[in-house]
Amino acid sequence: MKVAVFGGAGARPEDEDYQQAVRLGAYLANAGHIVMTGGYIGMMEAASKGAAEAGGHVIGVTCDEIEAFRPTKPNRWVKEEWRFVTLTDRMMNLVSRCDAAIALPGGVGTLTEISVLWNQVLVHAIPVKPVILIGQGWKQIFDSIFRAQDEYITAHDRTLISFAADIESAVRLLSDANLS
C-alpha cells in the first residue's frame, strides 16, 4: 500500500516526535509499504528517513507554493518526487492517491490534510481507506469536535477515522485494516 504520513514541519531531529516518525517510516517500509509524505522537513523528513534507511520507497509530494513560502527543497530521503504548482493540488494528490493515511502530531496543515481526506471519503469522492491519527492530541481535538458538533457528525462519519495512542498501535490498526 501507499501510506501517506502527515505531520508537522516544525519537528527537529532531537525531538521525541521526530524520532517516533523515523520509527513509523521504518515500520511501514519493513511491512512492504510505500511511504508518501509532503516531502520536506519535520515529520515528513523523519518518516521519509525511517522508510529510506529501512530500504523502502519514499514518494515526496511537493509544490512550488510551499517552496515560495518556506525556502526549502525536498528532503534527501525522497526517492520519487511528485511535484505540483499549488498547495491544493499537492494536498489533493496526497489524499486521493494514498491507500491509507497516518497522521502524527502537527498543526494547521496536518489538520487540513486530515479534514480534507475525511471529507473526500464522506462524499464518496475517494474510496474508504484507513485514516489513523496518532497521539492524545488528535483524540482530544476530535472528541471536542464530536461533542460540539454532535448533531452534524453521524456515528458512521466517526467510524471513518481511527485513533492510536502510539506508533505501534497505529501500525497494528493499519495491519488489521489491510487484512480486512
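Overview of values
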| quantity | calculated |
| --- | --- |
| Value at 222 nm in deg cm²/dmol, rounded to 500, when DSSP H runs of n ≥ 4 in the chain each add -39,500 (n - 2.57) | -15000 deg cm²/dmol |
| Ellipsoid equivalent to region 128-180 - semi-axes via the Cα gyration tensor, in Å | 22, 15, 5 |
| Gain upon complete extension [R76, R12; 0.36 nm per residue less C-alpha separation] | 21.5 nm |
| Against the rule of thumb 2.2 N^0.38 Å, how large the Cα Rg of region 2-179 comes out | 0.96 |
| Nitroxide proxy distance, nm - points 7 Å out along Cα→Cβ at L122 and D176 | 2.4 nm |
| Angle in degrees between helix 108-122 and the longest Cα principal axis of the chain, rounded to the nearest 10 | 50 degrees |
| At R0 = 22 Å, FRET efficiency that the Cβ-Cβ distance of N30 and Q136 yields, to 0.05 | 0.30 |
| Simple label model, 7 Å out from Cα along Cβ direction - H57 to S169, nm | 3.2 nm |
| Rounded tilt (10° steps) of 136-148 against the dominant C-alpha axis of the chain | 30 degrees |
| Average Cα contact separation per residue, the chain, under 8 Å, 6 or more apart, as relative contact order % | 21 percent |
| Sequence of F6, F142 once ranked by neighbouring C-beta atoms within 10 Å, starting from the fewest | F142, F6 |
| Extension gain (nm, one decimal) between S144 and Q19, 0.36 nm per residue minus Cα-Cα | 42.2 nm |
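Any read-out appearing in this document is the output of simple, stated calculations on the displayed coordinates, not a laboratory observation. These figures come from a predicted structure and were not determined experimentally. Cβ atoms come from the backbone with ideal geometry, glycine included; neighbour counts cover every protein chain shown.
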